[in-house]
1. Condition check: open to solvent by less than 10 Å² (accessible area, probe 1.4 Å), within 16 Å of the ligand (Cβ to nearest atom) and assigned to a strand (DSSP E or B). Does A170 satisfy that?
2. Residues E84, E74: which one is within 21 Å of L275 (Cα to Cα) and modelled with pLDDT under 95?
3. Out of the stretch 220-243, which residues are more than 16 Å from D156 (Cα to Cα), more than 10 Å from the ligand (Cβ to nearest atom) and in contact with a helix residue (DSSP H, G or I) (Cβ under 8 Å, 6 or more places away or on another chain)?
4. Limited to the stretch 116-133, what total is found for residues that are open to solvent by less than 50 Å² (accessible area, probe 1.4 Å) and either within 15 Å of E183 (Cα to Cα) or within 12 Å of the ligand (Cβ to nearest atom) (or both)?
5. Of the residues that make up the stretch 60-79, is at least one among the aliphatic types (A, V, I, L, M), in a loop (DSSP other than H, G, I, E, B) and surrounded by fewer than 24 Cβ atoms within 10 Å (Cβ to Cβ)?
6. Which condition number does V217 fail, the rest of (1) outside any loop (DSSP other than H, G, I, E, B); (2) within 16 Å of the ligand (Cβ to nearest atom); (3) in contact with a Phe, Trp or Tyr (Cβ under 6 Å, 6 or more places away or on another chain) being met?
7. Taking I109 and the conditions (1) of a type in the set (A, V, I, L, M, F, W, C); (2) part of a loop (DSSP other than H, G, I, E, B); (3) open to solvent by 10 Å² or more (accessible area, probe 1.4 Å), which numbered condition does it fall short on, given that it satisfies the others?
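The values are calculated or read from the model by the stated rules, or taken from the named source; none is laboratory data. Quick caveat, the model's predicted, so the values are computed rather than measured. Cβ placement follows ideal geometry from the backbone for every residue including glycine, while neighbour counts extend to all protein chains displayed. The protein model used for the area step is the full one, side chains on, heavy atoms only, and it has no ligands, DNA or RNA in it. Shrake-Rupley method; radii C 1.70, N 1.55, O 1.52, S 1.80 Å.
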Amino acid sequence: MPTDSVTDRRSYLKAVAAGSVVALAGCTDSGGDGGDGGGGDGGDGGDGGDTPTDEAPQIVAGTAPGFPPFEIKEDGELTGFDVELLEAIVAETDYEFGGWKEFEFDALIPSLRDEKIDAIAAAMTITDERDNAIDFSNPYYSADQSIIVRDDGDFDPSDLDDLSGHPIGAQKGTTGENVIQTELIEKNKLDESNYKAYDNYTLAVQDLENGNIDAIVLDEPVGATFADQRSVEVSFIYETGEEYGFGVRKGDSDRQQALNEGLDAVQANGTYEELRNEWFGTN
Ligand code: ARG
């Protein structure tokens, strides 16, 4: 990170945008990023079998924007808590930050496995199923699910059962979708035809505002952010005790360890808290 105080994230973004934030080619020199490329090559053992080039090893990151405040497009630029946090973490490691690639959420794990990206930073909950397919860093954020509705007050459910008979939505491949499937559809409390799966939550919120669906199940910090910005409100929280981690390829213990050490470093030096305050306020 270029400075020790993030007083204005827009000007910070402008400063780094040209260098790394929207780099898609996968091989920029991330001009504004501050992280040294790791004096001399050969620095990191090179085992693990997937070192992409002979130069400074890179971390190309993938995300799925439309999930405020974790990953968003602002005036065409990718930003958000995850975006700034991962870049700050990588700057603490010997890896060079190789830019961002955007995917739909359910394409992230396949893209990681196919080596289109080296890390996932997408508010991705660490689940047993995902943990079989990829590896995760240590947790960096905790969240429950929330249920949001239009803020006109006509429909105000207070538990999952109240959603019976209503058209509801979630983003494909998410833990919110999983709640709908396991707690409602599989328990015959909701007909499958009443579930609408979206490519991203921004589209779901539009449909909710337009009256095409009556509720959305999504991570609580994101529900709260949409409630601030759009004509929707949180009607209740469904506790799931989820923890987000950064994904790396299975067996890529070098990057996993680097991200864990980088996370420890930004937690110790105050950057983590600064970013949390910046994107979530101080409480
Ligand atoms: N935490 C939830 C999950 O892991 C939702 C994540 C959605 N992230 C996103 N960038 N759209 O399934």
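1. Values: open to solvent by less than 10 Å² (accessible area, probe 1.4 Å): yes; within 16 Å of the ligand (Cβ to nearest atom): yes; assigned to a strand (DSSP E or B): yes.
Yes; evaluated as a whole, the condition is true for this residue.
2. Numbers: E84 fails: modelled with pLDDT under 95.
Step by step, each of E84, E74 is checked, and only E74 is within 21 Å of L275 (Cα to Cα) and modelled with pLDDT under 95.
3. Once the filter is applied, which keeps residues that are more than 16 Å from D156 (Cα to Cα), more than 10 Å from the ligand (Cβ to nearest atom) and in contact with a helix residue (DSSP H, G or I) (Cβ under 8 Å, 6 or more places away or on another chain), the stretch 220-243 yields F226, R230.
4. Of the stretch 116-133, the ones open to solvent by less than 50 Å² (accessible area, probe 1.4 Å) are 117-125, 127, 130, 133.
In the following step, the residues that additionally are either within 15 Å of E183 (Cα to Cα) or within 12 Å of the ligand (Cβ to nearest atom) (or both) were identified as 120-125, 127, 130.
Total meeting the criteria: 8.
5. Taking the stretch 60-79 and keeping what is among the aliphatic types (A, V, I, L, M), we get 60-61, 64, 72, 78.
Still in the list and also in a loop (DSSP other than H, G, I, E, B): 64.
Filter once more, keeping what is surrounded by fewer than 24 Cβ atoms within 10 Å (Cβ to Cβ): none.
For the stretch 60-79, residues among the aliphatic types (A, V, I, L, M), in a loop (DSSP other than H, G, I, E, B) and surrounded by fewer than 24 Cβ atoms within 10 Å (Cβ to Cβ): absent.
6. The number of the failed condition is (3).
7. Of the numbered conditions (1) of a type in the set (A, V, I, L, M, F, W, C); (2) part of a loop (DSSP other than H, G, I, E, B); (3) open to solvent by 10 Å² or more (accessible area, probe 1.4 Å), the odd one out for I109 is (2).
Here is a yes/no grid of residues against (1) open to solvent by 40 Å² or more (accessible area, probe 1.4 Å); (2) in contact (Cβ under 8 Å) with a residue 12 or more places away in the chain; (3) polar (S, T, N, Q):
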{"residue": "E192", "(1), (2), (3)": "yes, no, no"}
{"residue": "K196", "(1), (2), (3)": "yes, yes, no"}
{"residue": "D219", "(1), (2), (3)": "no, yes, no"}
{"residue": "V232", "(1), (2), (3)": "no, yes, no"}
